[in-house]
Amino acid sequence: MENKILKLMSFRLSGKFAAFRKFYSNSSSLSYYIPPRTALIGMFASILEIARNEYYEIFSPKVCGISVCIETPLKRKIHSMNYLDNIDGLISQHSQCKLEVVSAKDGGLIRYRVYLAAYDNSFMNTFEDLAKHIESQNLGYGIYLGQRQFIAEIDEFHICDAVQYLEKSREIHSICREDHVVSFESEDGIILCSDNIPLDMIKTDNEQIRKTTRSERIVYEQNGKVIKGEFQNCYKAEGKVISFFE
């Protein structure tokens, strides 16, 4: 079903490394290849300097749509992180945690193309404010690819003038909800990934803990290649066919 898009922005998000922790991962911090919707709204909130746990409703899936395209071939590697346990101000012992880190296959920068759509008039002020911040490179508290040590950059910002709804498409450049996929065409060199990715969160009584309220299976191509097949509920913008997390 078509969501009426009042306005659409896009920008390139890049950085050397990323770690987007899978919400169902436990002792080993496994990473998604792509930033989940929850990570992206956290980044938007950081740019606008909105307090932690105060932005979930502002960027609700009811009022805005988000999409991601991979622009560089990606790989993942698990690293061992050594920590010092601090108990009552005393360093007691070493502990080790496995952390999966995403990087570009060619050793350069990871690059994503991010789209943000306004679905509702109530979101337009936030949309315009965010657009001004990004265009002027006023990135508030700063932006990161999942973890604070993985600093990110934004460039190639655009407001998309023409957006066309496609009830069905024979190709797609972005992520796609699995329930919007009718069929895939088999092609050499295509690496399809399917992950259970969080879409929305709420705060809990514990200020440090957030709860995932909804997730969906999301399909994407690991190296940023166009996926051929049949896909529903797509949009064409900037010469690309995209689909949203929502």
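Table for the structure above
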item: Dipole magnitude (debye, nearest 20) for the chain, charges at Cβ of Lys, Arg, Asp, Glu; result: 460 debye
item: The chain: relative contact order in percent, alpha carbon pairs under 8 Å with at least 6 residues between; result: 29 percent
item: Estimated dipole of segment 149-246 in Debye, rounded to 20 [Cβ of Lys and Arg +1, of Asp and Glu -1, Cα centre]; result: 260 debye
item: For residue 166, residues with placed amide H under 5 Å, excluding near neighbours; result: 234, 235, 236
item: J(HN,Hα) series, segment 218-233, from Karplus relation 6.51 cos²θ - 1.76 cosθ + 1.60, nearest Hz, glycine and proline x; result: 10, 10, 7, 9, 4, 9, x, 7, 5, 9, 9, x, 9, 10, 9, 6
item: Extension gain from residue 4 to residue 159, taking 0.36 nm per residue of separation minus the Cα-Cα distance; result: 54.2 nm
item: Calculated log₁₀ intensity ratio I(q)/I(0) where the Debye formula runs over C-alpha points of the chain, q = 0.07, 0.10, 0.14 Å⁻¹; result: -0.24, -0.49, -0.96
item: Sorted peptide list for 103-114, 58-69, criterion being average Cβ within 10 angstrom, highest first; result: 58-69, 103-114
item: For residue 210, residues with placed amide H under 5 Å, excluding near neighbours; result: none
item: Helix 37-47 axis, angle to the chain major axis (alpha carbon atoms, nearest 10°); result: 80 degrees
item: Residue-averaged 222 nm ellipticity for the chain, from DSSP H runs of 4+ at -39500 (n - 2.57), nearest 500; result: -3000 deg cm²/dmol
item: Spatially proximal aspartates and glutamates relative to residue 4 (Cα-Cα < 18 Å; intrachain offsets below 8 disregarded); result: 120, 128, 161, 167, 238, 246
item: Flagged links, alpha-carbon separation over 29 Å, of 22/62; 7/75; 22/105; result: 7/75
item: Evaluated at q = 0.18 Å⁻¹: base-10 log I(q)/I(0), Debye formula over Cα of segment 110-246; result: -1.31
item: Chymotrypsin sites (Phe, Trp or Tyr not before Pro) lying in DSSP loop within segment 134-199, provided at most 15 other Cβ fall within 10 Å; result: 141
item: Given charges at beta-carbon only (K, R positive; D, E negative), |dipole| of segment 180-226 in Debye; result: 300 debye
item: Cut-off 14 Å between beta-carbons: net charge of the residues surrounding residue 129, Lys and Arg +1, Asp and Glu -1; result: -1
item: Aspartates and glutamates whose Cα lies under 15 Å from that of residue 225, excluding same-chain neighbours fewer than 8 positions away; result: 71, 171, 185, 187, 188
item: Karplus 3J(HN,Hα) series, Hz, for segment 4-15 with 6.51 cos²θ - 1.76 cosθ + 1.60 (x for Gly, Pro); result: 5, 9, 7, 7, 9, 10, 9, 7, 8, 10, 9, x
item: Mean Cβ count within 10 Å, highest first, over the residues of peptides 194-203, 236-245; result: 236-245, 194-203
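Readers should treat all values here as calculations from the given coordinates under stated rules, not as data from a laboratory. Values in this document were obtained by computation on a predicted structure and should not be read as measured data. Heads up, the Cβs are rebuilt from the backbone with ideal geometry, glycines too, and the neighbour counts pull from every protein chain shown.
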